[in-house]
């Protein structure tokens, strides 16, 4: 039983390490928010999204993508992603915000001339067979390679999540949704379970 108690101990360490990783990710997000915004075009085309604030100007190139199965406060909806052409010859996806499924076909106001948002990684989706991975309209996942081909210009490897938007859209929360405290709580639970198993094995040994 003492050996069995080592399993909760290992799981406790694993959950604690996951909490540390999540805490570091949130700290990086908050640190990026404190850096002054800079034009996206000053960054290399291959620049990795770093969650910092950026500014950009451009023109919409094609129909919006409606990223389905996007939950906001437990409500199903879509994220409206617009391909934007930049003056340096590249393109970038701009996340205009979230719409409830019932309003997914609502006409939207034009984009402002100047945009400010967070430079975030492209949404990572786990999709099942039969899911729609595409470049326009309602999709379950974005196909960046095919989208770049359709636009006829290189596509930057991230998405600008706007900090402010206009009705009927709601700004999509760029801050990562996870809470490190959950992992620390799991770590404590596994640790207590391991201690209980050790205490139980000691009592059993004394009785025998």
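FYI, it's all coordinate maths here, none of it is from the lab. Here the structure is a predicted model, which means the values were calculated and not measured. A quick note on method: Cβ atoms are made from the backbone with ideal geometry, for glycine too, and the neighbour counts reach across all protein chains shown.
Okay, here's what the table says:
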| item | result |
| --- | --- |
| Antiparallel %, DSSP beta bridges [both residues in the stretch 37-174], to 5 | 70 percent |
| Residue 140 versus residue 125: modelled label distance in nm, points set 7 Å from Cα along the beta carbon direction | 0.8 nm |
| The chain: angle of helix 180-207 to the longest principal axis, Cα-based, in degrees nearest 10 | 10 degrees |
| Estimated 222 nm signal from helices in the chain, with DSSP H stretches of n ≥ 4 weighted -39500 (n - 2.57), rounded to 500 | -11500 deg cm²/dmol |
| Relative contact order of the stretch 37-174, pairs being alpha-carbon contacts under 8 Å that are 6 or more residues apart, as % | 30 percent |
| Whole-number D in µm² s⁻¹ for the chain, Kirkwood Cα-pair radius fed into Stokes-Einstein, 4 °C, 1.567 mPa s | 65 µm²/s |
| Rh by Kirkwood over Cα pairs, then Stokes-Einstein D for the stretch 75-172 at 0.890 mPa s and 25 °C, µm²/s | 172 µm²/s |
| Acute angle (nearest 10 degrees) that the helix 2-33 long axis makes with the longest principal axis of the chain, alpha-carbon atoms | 30 degrees |
| Euclidean distance between Cα centres, the stretch 9-47 to the stretch 76-143, Å | 23 Å |
| Over the stretch 121-165, volume per residue of the alpha carbon convex hull, in Å³ | 106 Å³ |
